[in-house]
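Here is the structure we will look at, set down as structure tokens.
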Protein chains: 2
Amino acid sequence: MSKNTGLNAIEMQYLRLSLGLTTEQVANLSAASNEDVLAWEAGTQEAPVPLQKKLLDIDDIIEMQVLNTTDGIEELFKKEPKRRLAFVVYPTQALYTQYNPEFLSSLPLTELYNTAAWRIKKECKLLLEVDVSLVALDAEAYKAYRADTGASESRAKWAATQL
Amino acid sequence: MSKNTGLNAIEMQYLRLSLGLTTEQVANLSAASNEDVLAWEAGTQEAPVPLQKKLLDIDDIIEMQVLNTTDGIEELFKKEPKRRLAFVVYPTQALYTQYNPEFLSSLPLTELYNTAAWRIKKECKLLLEVDVSLVALDAEAYKAYRADTGASESRAKWAATQL
């Protein structure tokens, strides 16, 4: 067990789990091997401090996104109250990369974005008593919707039709 | 995708991940098969409502524990400020069951207890600027500590020696 102020083995494990990541995904984020990640979580190797910091930073970014989005929804509901809201998430990395590239530098994996979305859903329920549904983007259905309606690019509008 | 107000496939998946559980563990909690859980998360089967409720209740219990413990630590620090605190967690289900049986009815798996501990650590950092370390119970070291010091049952005191 580390005596410094860094994360110890079980903390590394629960940080990873709370982000919704597998050991393989953490390995890829840090150019380490899956065996390394397992060793960090077993306490037989210490996780590199830059990687600890990277995962903690990602968790902070997610918390900030939860805060900002929940605030945004609170504002929205002051003008236009409704009890349900749809929030698009991405079922695969390919769709996330294609449709949501602006998040890739801060939240590189679709799992991280979806984890943020889940926390937003929880926070909206708890603080605002608003039901947010996570709607997994269905690219074919979305294209058909845009072709049918002539709608401009708006995943949020499509998602609302899925409730 | 479900049209009702229950959890849809991706929500079931991220609820499970946020609790730190595997699909096998969710299957065991609900007397379903692992294949069932995979089908719920793929959207090819709907998760039974009682099980949805059970997982959401567990998440609520964890949030309540986070709130109560963070409040308790805030009180403690008013009287006796210190910058670091140890919080015992359980590396295996056997140790959790043996040493922490009072939690089994509300949080049956050590992973759920440890997920709560991780969230407590985060909340204490964020709200109180207090560093909480999760200390995995080492039963042999704990027994040796009690034999050496003649200390009565206090995992918290032992954990503090591990910082």
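The residues of the range A:40-69 that are among the polar types (S, T, N, Q) and either exposed (fewer than 15 other Cβ atoms within 10 Å of the Cβ) or more than 14 Å from the chain's Cα centre (by Cα) (or both), listed by number, are A:T44, A:Q45, A:Q52, A:N68.
Scan the range B:16-39 and give yes if some residue there is over 23 Å from the mean Cα position of the chain (by Cα), free of Cβ contacts under 8 Å to residues at least 40 places away in the same chain, surrounded by 16 or more Cβ atoms within 10 Å (Cβ to Cβ) and more than 10 Å from chain A (Cβ to nearest Cβ), otherwise no. There is at least one residue in the range B:16-39 that is over 23 Å from the mean Cα position of the chain (by Cα), free of Cβ contacts under 8 Å to residues at least 40 places away in the same chain, surrounded by 16 or more Cβ atoms within 10 Å (Cβ to Cβ) and more than 10 Å from chain A (Cβ to nearest Cβ). Taking the conditions (1) at pLDDT below 95; (2) in a helix (DSSP H, G or I); (3) of a type outside the set (D, E, K, R); (4) in contact with a Phe, Trp or Tyr (Cβ under 7 Å, 6 or more places away or on another chain) in turn, B:A117 satisfies each one other than (1). Taking each residue of the range B:49-62 that is in contact (Cβ under 8 Å) with a residue 12 or more places away in the chain and looking for partners that are among the aromatic types (F, W, Y) and open to solvent by 80 Å² or more (accessible area, probe 1.4 Å) with beta-carbon atoms closer than 6 Å, six or more apart or interchain, yields nothing. The single residue among B:S154, B:S105 that is at pLDDT below 95, farther than 19 Å from B:R84 by Cβ and among the small types (G, A, S) turns out to be B:S105.
Checking the stated criteria, B:G72 turns out to be open to solvent by less than 70 Å² (accessible area, probe 1.4 Å), within 25 Å of B:L126 (Cβ to Cβ), more than 12 Å from chain A (Cβ to nearest Cβ) and not β-branched (V, I, T).
Restricting attention to the range B:124-160 and to residues that are in a helix (DSSP H, G or I) and within 11 Å of another protein chain (Cβ to nearest Cβ), the residue that is least open to solvent (accessible area, probe 1.4 Å) turns out to be B:A159.
The values are calculated or read from the model by the stated rules, or taken from the named source; none is laboratory data. Quick caveat, the model's predicted, so the values are computed rather than measured. Ideal geometry is used to build each Cβ from the backbone, glycine not excepted, and the neighbour counts take in all protein chains shown. Remember, those area values only see protein heavy atoms, side chains included, never the ligands or the DNA or RNA. Shrake-Rupley method; radii C 1.70, N 1.55, O 1.52, S 1.80 Å.
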